[in-house]
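One structure is given here, and the rest of the page talks about it.
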Amino acid sequence: MMTESPLRLGIAGLGTVGGSVVELLQSQKEILRQRCARPLEIRAVSARDARRSRGVSLQGMEWVEDAVALAHRDDIDVVVELIGGADGVAFDLCRSALEAGKHVVTANKAMLARHGFELAQLAEHRNRALAFEAAVAGGIPIVKALREGAAANSVESVTGILNGTCNYILTTMAKTGAPFADVLAEAQQLGYAEADPGFDIDGWDTAHKLTILASIAFGVRPAFQSISVEGIRFIRAEDVRAASELGFTIKLLGVARMDRSGISQRVYPCLVPLRSPISHVDGVHNAIEFSGDYIGQVMIQGRGAGGGPTASAVAADLVDIANGRLSTTFGQPATALAEARPMDGQASEGHYYLRFLLHEQTGAVARLAAVLSKHGVSIRTLVQKDESQSGDVPLYLTTHRCAESAMRAALAEVQASSDLAAPPMLLRIEYF
Ligand code: NDP
Ligand code: HSE
């Protein structure tokens, strides 16, 4: 390709993702030279600790103490924000950079979910890119697929496994039986988890990503405040094992749907049948399924976290900017994005998985079944284990389809029973 003046980059954040971006831009230099109208050149970098070894060469790059200063330098065209956090330095930097007429590339889904609309307005006002392929599902090009590839469609739903850490935890627990805390520590070591892993395991990171996807899919402003969020913190190795014996696997899903009344956005762990394609999305992999009126159903999967895949997505955005391909942030001008209306409250129905721990008492199982039946909840499968050291009896069951209100009412009554040795646990079952 023709070589013009370099596209000069200022990179803020040199951790898992930032370090990998520097490494990728060096090792893939030849490929990128072929594919970019302008060579990519890192002019300056910033992080918290200048003395820390980064495992990559920073030769020829100026070290900048205050990351926000990158926004005001005349020798930088693109600010690459890889610090993280919805507010604070990351947001100050991105806002200042756009105000100063620089392009911004970021992997920061927390910031975009909260401030994406304001930043998109700024970017469009200045005719600059606010690019964020890396913010959703690591290396998977889902932003481009949905925003550009499906641009001619009315999209009805987006469903995904959107958090690599949670999927790694759930699938490793299923394969090895290792306890939750140990597998989370592994995911942190591998660079998958957020600085505060509570964002991963309590579902917030999935919610941030779902907010971004819903905005693109449905043409609305990011509406993070209206998402219902449950995480996986309370799931135990025994649930993962029981789910498998019952023919399921447990996944943390983000599900966004639109109908005439509005939009529903939910994050929750659920059982999916072992025969469904999404149940085989293992480890750090993510998968996103969306359906549009012309394109039909699309599923795309790949590595959802980690330095390499995420750096690949950051670099893809840089290539677009170097080639002058600037997209509107959420697929249409920010001024045209509608306010997201929450879907009318609907009587929810579903299939459910329940875990009980009962005292070893004659008739306990029969009494439990009677309460469920009284509320119209019919048992589909039941596994009773003889494994508790306390002498209590673990019981795992799935139900036929029933109203969620009936399920909750039955559980409230069961919880008052003296047969229960511990609070019950409820998960939805989703059939794909
Ligand atoms: P890390 O914690 O590994 O890296 C964060 C970097 O930011 C560090 O280099 C740190 O400096 C620097 N930093 C922190 N505070 C400041 C500050 N006040 N001023 C300047 N630099 C600062 O995080 P990740 O690389 O994992 O994540 C970065 C972003 O990418 C986040 O938004 C995250 O959500 C997102 N992301 C992460 C993915 C992953 O797999 N890890 C995947 C997709 C997105 P120092 O090193 O000196 O401490
Ligand atoms: N912590 C995130 C995850 C990083 O595990 O999916 C990728 O966004």
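The values are calculated or read from the model by the stated rules, or taken from the named source; none is laboratory data. None of the values given here were measured: they were computed from a predicted structure. Cβ: placed from backbone, ideal geometry, glycine included. Neighbour counts: every protein chain shown. Just so you know, the surface numbers come from the protein's heavy atoms only, side chains and all, with ligands and any DNA or RNA stripped out. Shrake-Rupley method; radii C 1.70, N 1.55, O 1.52, S 1.80 Å.
Key figures for this structure:
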read-out	value
Mean ellipticity per residue at 222 nm, deg cm²/dmol - from DSSP H runs of n ≥ 4 across the chain, formula -39500 (n - 2.57)	-10000 deg cm²/dmol
Cα-based reach from LYS175 at 16 Å (exclusive), listing lysines while leaving out same-chain residues under 8 positions away	LYS251
Helix 16-27 vs. the chain, principal-axis angle (Cα, 0 to 90°, nearest 10)	50
Nearest-ten-degree value, helix 109-125 long axis tilted from longest Cα axis of the chain	40
5 angstrom amide H check on ILE42, placed H, neighbours 5+ away	LEU9
Accessible surface of the chain, 1.4 Å probe, proportion on carbon and sulfur as whole %	48
Given charges at Cβ of Lys, Arg, Asp, Glu: segment 102-168 dipole, positive-most of ASN167, ALA131, ASN153	ALA131
Order by protection proxy (mean Cβ within 10 Å, highest first), peptides 71-84, 330-343, 224-237	71-84, 224-237, 330-343
Label-point separation in nm, GLN59 to SER348, each point 7 Å along Cα→Cβ	5.7
Whole-Hz couplings from phi, Karplus 6.51/-1.76/1.60, listed for segment 201-207; x for Gly and Pro	6, 8, x, 5, 5, 4, 5
Amide proton proximity set for LEU420, modelled H, under 5 Å, gap of 5+	HIS359
Solvent exposure of segment 339-432 as accessible area per residue, Å², 1.4 Å probe	53
Under the Karplus curve 6.51 cos²θ - 1.76 cosθ + 1.60, θ = phi - 60°, whole-Hz ³J(HN,Hα) for segment 57-67, x wherever Gly or Pro sits	7, 10, 4, x, 10, 7, 8, 10, 5, 9, 4
Under 5 Å, built H, 5+ apart or other chain: amide partners of THR249	VAL272, LEU274
Acute angle (nearest 10 degrees) that the helix 364-374 long axis makes with the longest principal axis of the chain, alpha-carbon atoms	70
Integer Hz, Karplus 6.51/-1.76/1.60 couplings in order for segment 170-177, x for Gly and Pro	5, 6, 5, 4, 5, 7, 10, x
